[in-house]
Amino acid sequence: MQQTLENPGISLNTDSSLIRLVAIVTMICDHAGVIFFPQYIQLRIIGRIAFPLFCWGIVLGCLYTKDWKKYALRLLLGAVISQYPYMLALNHSLRELNVMFTLLLGMLAVTGIQRNTRGSAIWAPLLSISIAAVLQMDYGWKGVLLIIMMYACREKKGAFAAMFTAFCLFWGSTSSDVSAVFGVTNDMLFPSSTYMMRWIGMLRTFLKLQGLALLALPFMLINTNSGFRLPKWFIYLAYPGHLLALYAIKLLRG
């Protein structure tokens, strides 16, 4: 497949504005659930869609950007600006960095692979993952690794789907169990059917909170071609902006 700016060697969804809009909306649902409705885990489940879509947006940004330095600078400024709202709205400390730092490291890792300057295809991903592992940040080194793997599997839908499914199984291995939301509980016994018990056991493997990031997969596999466009400033301000708005609502509610 010939690679051009319009067709950067990928077969997945490149409708970046629509993807980012879905990511923003589901992120707001997630954070509203954390702050105001912690009893409704359904909002947290919806929120699992957001981060993988933001990661895919980073991959698309790396493929389409004309100036990676300006792209990195915009992410860095967004991360710095977002830190205080992140601390206010979600009760984090200064030592806990927001997700835009994770996205920035993922972007730098992919850029290093693309440019491959003085072996950067090797040391840039390793350095980015190491920084994310040493520093405490939202989604951490697993988030950076996901961006790298998305870039590596971007050319084939089958490979991408297999990678992302496996990653979600691994990712959800230590997350909260949300099986009951789907009606799958420990008292579901099928003594006469070992086969059914195996299916229920496999299903429970998927029903972990972070593992349900798998819900984001269709948005990346299905080519939407909506023609929808978001202003660049909106994309970068949506994260700190919605955190400030949620914090203001929390103050008003006392």
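Where a number appears in this text, it was derived from the coordinates with a stated rule and is not lab data. Just so it is clear, the structure is predicted and the values come from calculations on it, not from any experiment. So basically every Cβ, Gly included, is an ideal-geometry build from the backbone, and we count neighbours across all protein chains shown.
Can you list the lysines whose alpha carbon sits under 16 Å from that of K70, skipping same-chain ones fewer than 8 residues off?
K232
Distance in nm between label sites at K232 and Q136, each 7 Å beyond Cα in the beta-carbon direction?
3.5 nm
Under 25 Å between alpha carbons, and skipping anything fewer than 8 positions from K208 in its own chain: which lysines qualify?
Of all the lysines, those that pass the test against K208 - Cα under 25 Å, at least 8 places apart if same chain - are K142, K157.
Order these by the 10 Å Cβ neighbour count, fewest first: I19, I28. Before the final figure, lay out each step's value.
Working: I19 25, I28 19.
With the sparsest Cβ surroundings first, the list reads I28, I19.
Taking only the alpha-carbon atoms of segment 16-252, what semi-axes of the equivalent ellipsoid follow from 5 times the gyration tensor eigenvalues under a square root, in whole Å, largest first?
Calculated on Cα positions only, the semi-axes equal 30, 23, 17 Å.
For R253 and N223 in the same chain, what is the full-extension length gain: residue separation times 0.36 nm, less their Cα-Cα distance, in nm?
Full extension of this stretch gives 6.7 nm more.
Which whole-number percentage describes the relative contact order of segment 16-252, with Cα contacts under 8 Å and a sequence gap of 6 or more?
Relative CO of segment 16-252 lands at 25 percent.
So how do R95, R48 line up by other beta-carbon neighbours within 10 Å, fewest first? Each step should come with its number before you reach the end.
On the way: R95 8, R48 24.
Least to most surrounded, the residues fall as R95, R48.
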